[in-house]
Every structure is written in C-alpha cells, then in structure tokens.
Amino acid sequence: MGLETAKRSLFTQQAALQTTGHNIANANTEGYSRQIVNMTASQSLEPLSLNRSTIPGQMGTGVEFTSITRIREKFLDEQFRNENKSLGNATIQADTLDKLEAVVTEPSDTGLQAVLSKFWSAWSDFSKDPNNVTGRKIVKENAMALGDALNYTSSKLSELSSDLTKNINVKADEMNSITSNIAKLNVEIQRIEGLGDDANDLRDQRDLLTDKLSKIVNISVQDTPQGYTINMGATALVNADASTTMTGDILNSSVPGSLTDGEVYGMIVSRDQYVKDYQNQLDVLANTIANGNVTITIPSGSVLPEGTVLNGTTYSDAAGNRTLNSDLTVTVQGINGLQKLGYNLNTPVGTGVDFFTSKDGSTTITAANFQVNPIIQNDPTRIASSMAVSGNPPKAIQGNNTLALLTSQLKDSDFTFVNLDGTSTQATVNDFFSAVVGQLGIQSSDAQRQLTNQQALVDQVDSRKSSVSGVSLDEEMSNMIKFQHAYSAAARVMTTFDEMLDKLINGMGTVGR
C-alpha cells in the first residue's frame, strides 16, 4: 500500500511537471491558455487486519490528478470580442479616411486648390491683354490642368472604392476559412472530450479563431454540448459541425441588418458613405464650375449675341436692343453660360462655345468626364474674351476684355452648388472645395481619436485576459521547483518502503538462522 501511495504521488507530480513544461514551451504561443493539474487526495481505506476500535479513522492512499484544465474566464472572452469588433470597424474607417486625405492632398502646392488658383490667375492675367495669343494658350493649359486634376482625383476615389469592395470579398473568404475550421474543431473537441479527456489545446485554437472572427464581423458565441454556435446578428455562421459560406454580395446586403460592426462593416461604411460622399462632392464641384448658376453684372455698352435670352428678354438686331444701355445683372450657367455671351477672335466674329464638356458625351459633367472642349483645345482663339463687336463683317473689338474680366471675377462669385439630394449651397468655388477639405480633416481626426480610444479598450481587456490566462515564466519556474521537490520526496518514500520490505523479507531469513 505504501508503494502504491508513492507511485500515485510520482505519477501526479510527473504530470504536474509535464504540464509546467508545456506552459513554459507555449509562453509565446498566440492564444495559448495556461494549464494546471487539478490534484485531489485519493480515496482512503480502512486499515486491514486491525481492530477498528484501536485504529480510528481511515488510512490515506496518497494523491491523484482528476483533470488538466486551462485557466480561462468566459466573461473576459465575451468582453474582448465585443470590443474587438468595434476596433476592426474603427481601424478600417480611420485607414480609409487617411487614404482619402492622401488622395485630396490638401493643403499642398500640387493639390486641386493650387490648380484652381492657377486657373483663376490665368484668366486674370489674360484679361489684362486679351489680344495676347500666349495668354489664351495659358488659359487653355491651366483649364486642361484643372480637368486632369479632377479626373485624377476621381479615378483615385474610384480605385479606393473598388479596393474596398475587393477587400470585402477577401474578408468573406477569410471568414469562410475561419468558420470552417471552427466547425471542424467542434467535432474534434466533442470526440476527444467524449472519451473523458480534456481538449485544452484544441479549445485554445478554437477561441483564437473566434477572436479573429470577432474583428471581421460582429458575432455572438454560445458554447453548447455540440460545440460553439456562432451567429452574426440573425445569420448563423457556425452550428456544431456546419458552417455557412459567405460571399461579398451577401455581406454587402447585410447592412443594416445582421452586419453591424467589424472590419467588413467598416469597409462598407467607408465605401458607401465616405468615399461615395467625396466622389459626389467632387462631381458637384466639376459640374458647377462648368454649368452652375452664378450671378454676374454685365457692364453698359456690351453687345449681346443675336438671340440671347436673359431675364425673359430676347436680345436681337430686329429689336435693336443687343447693346446694353445700362449695367445688367443676370444669372448664367457657369463658365459655359458666360462664354456664350461673348465673342472670340474669329473673323467674321464667332460667339463663345461651351468651355467645358464631358468626355463621354453625357449631359451631366462629372469629375471623371470633365474636360476642356476639344474645339478650344485645338484652337485657343475660340475662347470668348470680348463683349463688343464692330465692322462688316463684324469682329471682336481688339482690346475689349469684358468677358475675360467677368470670368476672372468668378473666383470671388457665389455659385449655386446643387447636391444630389436636391439641397443647394451658395459659395465660391474655392470656399466649397475648402469646406470639403475641412470636412475630411475633421472626420479623419475624429476617426483617429475613436481608433485610439478603442485600441486602449481592447488593450485593457487583453491585458486582463493575459493576467488570467497568460503564462508567467516566474510562476512556472516556481511551480517546477515545487513539483520537482514533491517528486523527489515521493521517490524517497518509495525507496524507504523498498528498504523496509527488503529488511522484512531478507532480514527475517537471517534472524531465523
């Protein structure tokens, strides 16, 4: 009996030492939970062949270990996953806004604001000498630079939107891999634990996968006898040995239903709100420059083109009223509308054409299709600069700069910016774009603040998890010494019983002789 007691102690301390070594080996393993050997006194026995009245109580039989369990706190797991999903969302939104700032590149010497300033300056310089062919070419080149800047910015926004959509598909594939592995682990864990063993390492792997999944989408986890049941809102992702295959299309249609947080949600919000909003505002800016309503004052003495209709009045030679006798305040449709009120340098005189057109021939000008009219690109003399004609055949009066001057003054004029939702804003072109840049700056700053705060919350919960489940090498080394001494003591007990039996068996023979 004494040998059996010592043997139990040896086995138990050996198991404790092996578990300690397992903990030390996995001190830096992601997702690993510290394990302990649960020891209990083995069942006591009544002393055999002795009078119970003279030997009270029972005789102990040593120690045994009932299980090897991992140290894990379910509450912290749930709290971590709740905070982790918000971190995933905040990370994507902050990253997207950071990329948007890189696309807009304001303030800078090469951004759209600088291109706009050069465009207005070119008109201002041109108005000082409208007969200068070089000035016309400079206006054309700066206008084309404005078109290139709008086209480039629009293309970068489209690429960013496309990248977000592709990343949603990538995340869908990543989700499918994770949920499939969790379902497989459910089966394996159930099989092992059905045999009475503890599947600690497999449970750690399953929890690590679940933690990673919680950053991608919002999930709720229920631990059942058949394994983890994981839902995304009302959508089942894992149920025992079955997992649901997700696609980018399914995830896109889950907002604002089952999908409410996580990286995928952040991608959808970033694409459909932030990127789309700035794309729309850029389109509004481009269309307004070309065709947006703006109020101007045409000076007295200007000669309006035949058939011009302003404020309900038709100006024609038949009526004899093409020449203004006083200043006339009217609303025109952007630079295009203003160009049609003046004359170019052709002989006989030609009226202005649309300064900006769409590349694809559509009626609505956007940042993507914005361009200088090919007619003007090929022949800068078609730029209207004068509002006075003379001679037969008529030609623009040399030196008249009325239209060029009015165009340069549009820099400080309030345009009507009509948003896609039908609302309108009165502002100068530069002020409108500055407001867009300012809005982006505020949103980006707020997103970074939220990311910092959310990261701090996740780090705090993760630190608490580590304090509970993490491996402390100092503690494990202390345990190793403790279990080693216990093992050595148990071995000494076994040696002592061996010596006793040797003495009893071999010594009895000596005494008898």
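The values are calculated or read from the model by the stated rules, or taken from the named source; none is laboratory data. As the structure is a prediction and not an experimental result, all values here were calculated from the model. Neighbour counts are summed over all protein chains in view; Cβ atoms, including those assigned to glycine, are modelled from backbone coordinates with ideal geometry. Protein only, heavy atoms only, side chains kept; ligands, DNA and RNA dropped before computing areas. Shrake-Rupley method; radii C 1.70, N 1.55, O 1.52, S 1.80 Å.
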Problem - Nearest-0.05 FRET efficiency for Lys276 and Asn346, computed from C-beta distance (R0 56 Å) - result: 0.85
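Rounded to a whole number, what % of the accessible area of the chain do carbon and sulfur atoms account for, probe 1.4 Å?
Details: 12860 of 25490 Å².
Using a 1.4 Å probe with all protein chains present, the chain comes out at 50 percent carbon and sulfur.
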Exercise for the section: Per residue of the stretch 405-418, in order, report the coupling 6.51 cos²θ - 1.76 cosθ + 1.60 (Karplus, θ = phi - 60°) as ³J(HN,Hα) in whole Hz, putting x for Gly and Pro. Expected result: 5, 4, 5, 5, 6, 4, 4, 9, 9, 7, 8, 9, 8, 9
Completion exercise
Once phi for every residue in the stretch 76-82 is put through the Karplus expression 6.51 cos²θ - 1.76 cosθ + 1.60 (θ = phi - 60°), the whole-Hz ³J(HN,Hα) values, with Gly and Pro written as x, are 5, 4, 5, 5, 4, 5, 5
Problem - Modelled FRET efficiency - R0 30 Å, Asp163 with Lys184, Cβ distances, 0.05 increments - result: 0.40
Completion exercise
Calculated from DSSP helices alone, with each H run of at least 4 adding -39500 (n - 2.57) and the total divided by the residues of the chain, [θ]222 nm to the nearest 500 comes to -19000 deg cm²/dmol
Practice task
Consider a paramagnetic label point 7 Å from the Cα of Thr295 along Cα→Cβ; state which residues of the stretch 425-463 have an amide N under 15 Å from it.
Solution key: 425-428
Exercise for the section: Would you mind checking which residues have amide H under 5 Å from Asn321's amide H? H placed 1.01 Å from N; only 5 or more apart, or other chain. Expected result: Ser316
Exercise for the section: Set Lys and Arg Cβ to +1 and Asp and Glu Cβ to -1, take the dipole of the chain about its Cα centre, and tell me which of Thr153, Gln43, Asn419 lies farthest positive. Expected result: Thr153
Problem - Proximal lysines relative to Lys184, as straight alpha-carbon distance under 27 Å, when same-chain residues fewer than 8 apart are discounted - result: Lys74, Lys85, Lys171, Lys212, Lys215, Lys465
Exercise for the section: In whole Hz, with x marking every Gly and Pro, tabulate ³J(HN,Hα) for the stretch 259-271 from phi via Karplus 6.51 cos²θ - 1.76 cosθ + 1.60, θ = phi - 60°. Expected result: 8, 10, 6, x, 4, 4, 4, x, 5, 5, 5, 4, 6
Practice task
Normalising by the residue count of the chain, find the relative contact order in percent from Cα pairs under 8 Å and 6+ residues apart.
Solution key: 21
Exercise for the section: With a point put 7 Å past each Cα toward its Cβ, work out how far Leu45 is from Asp129 in nm, to one decimal. Expected result: 11.8
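What full-extension length gain, to one decimal in nm, is calculated for Lys359 and Ser413 as 0.36 nm per residue of separation minus the Cα-Cα distance?
Numbers: separation 54, 0.36 × 54 = 19.44 nm, distance 2.68 nm.
Here the answer is 16.8 nm.
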Practice task
Enumerate the amide H contacts of Phe356 below 5 Å, restricted to partners 5 or more residues apart or on another chain; note that Pro and chain-start residues carry no placed amide H.
Solution key: Asn336, Asn373
Exercise for the section: Taking amide H positions as placed in the peptide plane 1.01 Å from N, state which residues far from Asn293 in sequence (5 or more) or on other chains have amide H under 5 Å from it. Expected result: Gly334, Thr416
Handout entry: Label assignment, Rg and Dmax of the Cα atoms in Å derived from the structure, set (1) 23.4, 76; (2) 41.1, 158; (3) 23.9, 91
Key = (2)
Handout entry: Segment Lys503-Ser466, length gained on full extension (0.36 nm per residue, minus Cα span)
Key = 8.0 nm
Handout entry: Proximal lysines to Lys411, defined as alpha-carbon separation beneath 22 angstrom and excluding residues fewer than eight positions away on the same chain
Key = Lys118, Lys128, Lys137, Lys140, Lys340
Problem - Student exercise, the chain dipole from Lys, Arg, Asp, Glu Cβ charges, in Debye to nearest 20 - result: 260
Handout entry: Gln484-Glu78 pseudo-label distance in nm [points 7 Å out on the Cα-to-Cβ vector]
Key = 4.2
Fill in the blank from the handout: Between the alpha carbon centres of the stretch 451-477 and the stretch 325-365 the gap in Å comes to 67
Problem - Test item: Cα-centred dipole of the stretch 120-206, Lys/Arg +1 and Asp/Glu -1 on Cβ, debye - result: 680
Exercise for the section: Can you tell me the dipole magnitude for the stretch 172-230 around its Cα centre, using point charges on the Cβ only (Lys, Arg +1; Asp, Glu -1), in Debye to the nearest 20? Expected result: 200
Fill in the blank from the handout: Taking a probe of 1.4 Å and leaving out DNA, RNA and ligands, the chain shows per residue an accessible area in Å² of 50
Practice task
Under 17 Å from a label point 7 Å along Cα→Cβ of Leu208: give me every residue in the stretch 10-26 with its amide N that close.
Solution key: 22-26
Practice task
Can you pull the one-decimal nm distance between simple spin-label points at Ser326 and Ile250, each 7 Å off the Cα toward Cβ?
Solution key: 7.3
Problem - Mean-position separation - Cα centroids, the stretch 238-255 and the stretch 409-440, in angstrom - result: 42
